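K.L.:
Take this structure first; my questions come after.
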Amino acid sequence: GAGVSQSPSNKVTEKGKDVELRCDPISGHTALYWYRQSLGQGLEFLIYFQGNSAPDKSGLPSDRFSAERTGGSVSTLTIQRTQQEDSAVYLCASSLGVGTGVQPQHFGDGTRLSIL
Amino acid sequence: DAKTTQPTSMDCAEGRAANLPCNHSTISGNEYVYWYRQIHSQGPQYIIHGLKNNETNEMASLIITEDRKSSTLILPHATLRDTAVYYCIVRSGGNQFYFGTGTSLTVIP
């Protein structure tokens with residue numbers, strides 16, 4: 001079946017520009033997560049959505065980062081006034097909502113963001 | 001979430017079983033063991049998870065010791081496409097997975 005889909009796969013932009021990254025979770029998955037992975041590093045948690053509950057934004061590194069999830073499905077991660085340190089691979093994952101704590105997360109292939 | 005310890009790297013001959021160990025000596029009773037792998041330029045791929053019983057699926061087997069302080073991921077017949085970084089994670093809940101540095105597995109022809 002279809003997995004987690006992310007777009008674009010690659011994004012190159014100039015410092016100071018805004019970018020939007022999109023994630024389409026697996027159908028039926030009510031939990032959605034955003035992570036970022038810098039070169040050679042582990043995954044850094046950014047934000048988590050579960051159904052209609054308020055999102056857990058505890059991992060967002062600054063107020064330049066925001067995310068929304070419309071209709072409980074597609075999510076968009078927005079980075080405003082991009083900086084060079086924002087360059088990374090941004091990964092989205094989804095999981096079944098029931099027993100979220102133990103359900104495995106399924107990842108997309110990410111968006112590779114490069115800030116010039 | 002409990003800390004895990006994995007070897008930095010391992011080699012395995014193509015066609016042989018790859019046995020990847022993981023120590024999680026501080027695991028608590030309600031924490032599950034998860035395995036993921038990441039192939040270069042792709043997102044992490046879920047492999048298998050378990051609580052205390054051994055588990056098997058189409059990709060791999062997971063053997064958890066009786067005291068649950070360690071586990072082994074077994075790829076029964078390794079292929080070149082299994083070359084990847086393998087992550088062992090233990091968690092009981094929460095909103096995120098903590099990926100450590102993992103084991104870099106190289107399958108040799």
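K.L.:
In region B:13-35, how many residues are outside any loop (DSSP other than H, G, I, E, B), more than 14 Å from chain A (Cβ to nearest Cβ) and hydrophobic (A, V, I, L, M, F, W, C)?
P.N.:
Residues that pass the stated criteria total 4.
K.L.:
Say we look at region B:36-49 and pick out the residues that are at pLDDT below 95 and more than 9 Å from chain A (Cβ to nearest Cβ); which of these is nearest to the chain's Cα centre (by Cα)?
P.N.:
Filtering first and then ranking leaves B:I39.
K.L.:
A further question follows. Any idea which of A:S114, A:S87 is in contact (Cβ under 8 Å) with a residue 24 or more places away in the chain, over 16 Å from A:V4 (Cβ atoms), of a type in the set (S, T, Y) and within 14 Å of another protein chain (Cβ to nearest Cβ)?
P.N.:
Details: A:S87 fails: within 14 Å of another protein chain (Cβ to nearest Cβ).
Residue meeting the stated conditions: A:S114.
K.L.:
For region B:57-109, enumerate the residues that are aliphatic (A, V, I, L, M) and more than 23 Å from A:Q41 (Cα to Cα). It would help to see each step written out before you state the result.
P.N.:
Quick first cut of region B:57-109, residues aliphatic (A, V, I, L, M) only: B:59-60, B:62-64, B:73-75, B:78, B:80, B:84-85, B:89-90, B:105, B:107-108.
Of everything in region B:57-109, those that are aliphatic (A, V, I, L, M) and more than 23 Å from A:Q41 (Cα to Cα) turn out to be B:M59, B:A60, B:L62, B:I63, B:I64, B:I74, B:L75, B:A78, B:L80, B:I108.
K.L.:
For B:M59, which of the numbered conditions (1) in contact with a strand residue (DSSP E or B) (Cβ under 6 Å, 6 or more places away or on another chain); (2) part of a loop (DSSP other than H, G, I, E, B); (3) closer than 27 Å to A:S94 by Cβ; (4) away from every other protein chain (no Cβ under 14 Å) fails to hold?
P.N.:
(4)
K.L.:
Now for a separate question. For region B:95-104, state whether one or more residues are of a type in the set (S, T, N, Q), in contact with a strand residue (DSSP E or B) (Cβ under 7 Å, 6 or more places away or on another chain), within 25 Å of A:R36 (Cβ to Cβ) and within 10 Å of chain A (Cβ to nearest Cβ).
P.N.:
Checked region B:95-104: at least one residue is of a type in the set (S, T, N, Q), in contact with a strand residue (DSSP E or B) (Cβ under 7 Å, 6 or more places away or on another chain), within 25 Å of A:R36 (Cβ to Cβ) and within 10 Å of chain A (Cβ to nearest Cβ).
K.L.:
Now, a different point. From (1) more than 20 Å from B:Y32 (Cβ to Cβ); (2) more than 10 Å from chain B (Cβ to nearest Cβ); (3) in contact (Cβ under 8 Å) with a residue 24 or more places away in the chain, pick out the condition that doesn't hold for A:S94.
P.N.:
Every listed condition holds for A:S94 apart from (1).
K.L.:
Is at least one residue of region A:45-56 out of contact with any strand residue (DSSP E or B) (no Cβ under 7 Å at 6 or more places or on another chain) and over 18 Å from A:S94 (Cα atoms)?
P.N.:
So far as region A:45-56 goes, no, none of its residues is out of contact with any strand residue (DSSP E or B) (no Cβ under 7 Å at 6 or more places or on another chain) and over 18 Å from A:S94 (Cα atoms).
K.L.:
Follow-up question, since we're still on this one. Looking at A:S66 and the list (1) in a loop (DSSP other than H, G, I, E, B); (2) surrounded by 13 or more Cβ atoms within 10 Å (Cβ to Cβ); (3) of a type outside the set (D, E, K, R), which single condition is not satisfied?
P.N.:
The number of the failed condition is (1).
K.L.:
So, one more: When you go through B:A17, B:A60 one by one, which is the residue that is touching a Leu at 6+ places or on another chain (Cβ under 8 Å), closer than 27 Å to A:S5 by Cα and at pLDDT 95 or above?
P.N.:
B:A60
K.L.:
Sort out which residues of region A:18-33 are surrounded by 13 or more Cβ atoms within 10 Å (Cβ to Cβ) and either at the interface with chain B (Cβ under 10 Å from one of its Cβ atoms) or in a loop (DSSP other than H, G, I, E, B) (or both), and write them in order of number.
P.N.:
Those that are surrounded by 13 or more Cβ atoms within 10 Å (Cβ to Cβ) and either at the interface with chain B (Cβ under 10 Å from one of its Cβ atoms) or in a loop (DSSP other than H, G, I, E, B) (or both): A:P25, A:I26, A:H29, A:T30, A:A31, A:Y33.
The values are calculated or read from the model by the stated rules, or taken from the named source; none is laboratory data. Not measured: the values here are computed from a predicted model. Neighbour counts run over all protein chains shown; Cβ positions are idealised from the backbone, glycine included.
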